[in-house]
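Engineer: Below: one structure in structure tokens.
The values are calculated or read from the model by the stated rules, or taken from the named source; none is laboratory data. Remember, predicted model here, so these are calculated numbers, not experimental data. Counting neighbours? That spans all protein chains shown, and the Cβs are built from the backbone with ideal geometry, glycine included. SASA here: full protein model, heavy atoms, side chains in, ligands and nucleic acids out. Shrake-Rupley method; radii C 1.70, N 1.55, O 1.52, S 1.80 Å.
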Amino acid sequence: MSGQNQNKFLLVDLSVLPEVFARVVEAKRLMAQGKAKSYSDAAKMAGISRSAFYKYKDRVFPYESSDLTRMLTLNITLVDEPGILSALIAGLYQAGGNIVTINQNIPADGVAPVSVTIRIDRDRSDEEIVARLAQISGVVTVRTVNA
């Protein structure tokens, strides 16, 4: 293979790989979620040796298929009242959205502009999400941002 110093990647079905790779990913997840207090604990919880974990931790990553989900960015105007942003977040959850980013700007004239990017199932239409969020009390406007 040429380019000896370049990182090269393959997408490989987990079922054909040694189990250690899945366990390394699990150990990394345990650390990221705070369920393990150290890499040593994470390796033990995942059922692998510390040396196996360190050998692969910077080389093994989970793959999240973008075939099933997509990103949707929304600009939303909210009434500046307590609980409205919480209601919006609950509405995003109920609509099947997973919040990737959220930014609420400083309120002016009694309203607060909010920008939200969510990950949603590909089969969900923008119109369905917008209509659902527009029904939330305190939501003034909802519009999609075209990338």
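Engineer: What residues have an amide H closer than 5 Å to that of L78, excluding those fewer than 5 places away on the same chain, when H is modeled at 1.01 Å from N in the peptide plane?
Structural biologist: Distant-sequence amide H within range of L78: A112, V114, V140.
Engineer: Further question on the same structure: Output ³J(HN,Hα) for segment 90-99: one whole-Hz value per residue in order, computed from phi by the Karplus curve 6.51 cos²θ - 1.76 cosθ + 1.60 with θ = phi - 60°, and x for Gly and Pro.
Structural biologist: 4, x, 5, 4, 5, 7, x, x, 10, 5
Engineer: Specify the longest stretch of the chain that does not include any exposed loop site, a site being one of the trypsin sites (Lys or Arg not before Pro) with a non-H, G, I, E, B DSSP assignment and at most 12 other Cβ atoms within 10 Å.
Structural biologist: 60-121
Engineer: Another question about this same structure. Quick one: accessible surface of L68, probe radius 1.4 Å, all protein chains present, in square angstrom to the nearest 10.
Structural biologist: L68 has an accessible surface of roughly 120 Å² with all protein chains in place.
Engineer: Okay, next question. Kindly count the pairs of lysines across segment 1-126 whose alpha carbons are less than 18 Å apart, treating pairs on different chains or eight or more residues apart as eligible.
Structural biologist: 11
Engineer: Give the accessible surface of the chain per residue, rounded to a whole number of Å², with probe radius 1.4 Å and ligands, DNA and RNA excluded. Please list the in-between numbers first.
Structural biologist: On the way: 10200 Å² over 147 residues.
Each residue of the chain exposes 69 Å² on average to a 1.4 Å probe.
Engineer: Tell me the mean residue ellipticity at 222 nm calculated for the chain from its helices only (DSSP H runs of n ≥ 4, each -39500 (n - 2.57), averaged over every residue, nearest 500).
Structural biologist: For the chain, the value works out to -9500 deg cm²/dmol.
Engineer: (1) 18.2, 62; (2) 21.1, 62; (3) 13.8, 44: which one is Rg and Dmax of the Cα atoms in Å as calculated from this entry?
Structural biologist: Matching entry in (1) 18.2, 62; (2) 21.1, 62; (3) 13.8, 44: (2).
Engineer: A further question on this structure: In whole percent, and with a 1.4 Å probe on the protein chains, what portion of the accessible area of segment 1-112 is carbon and sulfur?
Structural biologist: Its accessible area is 53 percent carbon and sulfur atoms.
Engineer: Another question, if that's okay. Run the numbers for S38 and Q104: contour at 0.36 nm per residue of separation, minus the present Cα-Cα distance, in nm.
Structural biologist: Stretched fully, the S38-Q104 segment lengthens by 20.3 nm.
Engineer: If you plug each phi of segment 68-73 into the Karplus form 6.51 cos²θ - 1.76 cosθ + 1.60 with θ = phi - 60°, what whole-Hz ³J(HN,Hα) values come out, in order, with x for Gly and Pro?
Structural biologist: 9, 10, 8, 9, 9, 10
Engineer: So if I place +1 on the C-beta of Lys and Arg and -1 on the C-beta of Asp and Glu, and nothing else carries charge, what would the dipole magnitude of the chain be about its Cα centre? I want it in debye, nearest 20.
Structural biologist: Computed about the Cα centre, the dipole is about 940 debye.
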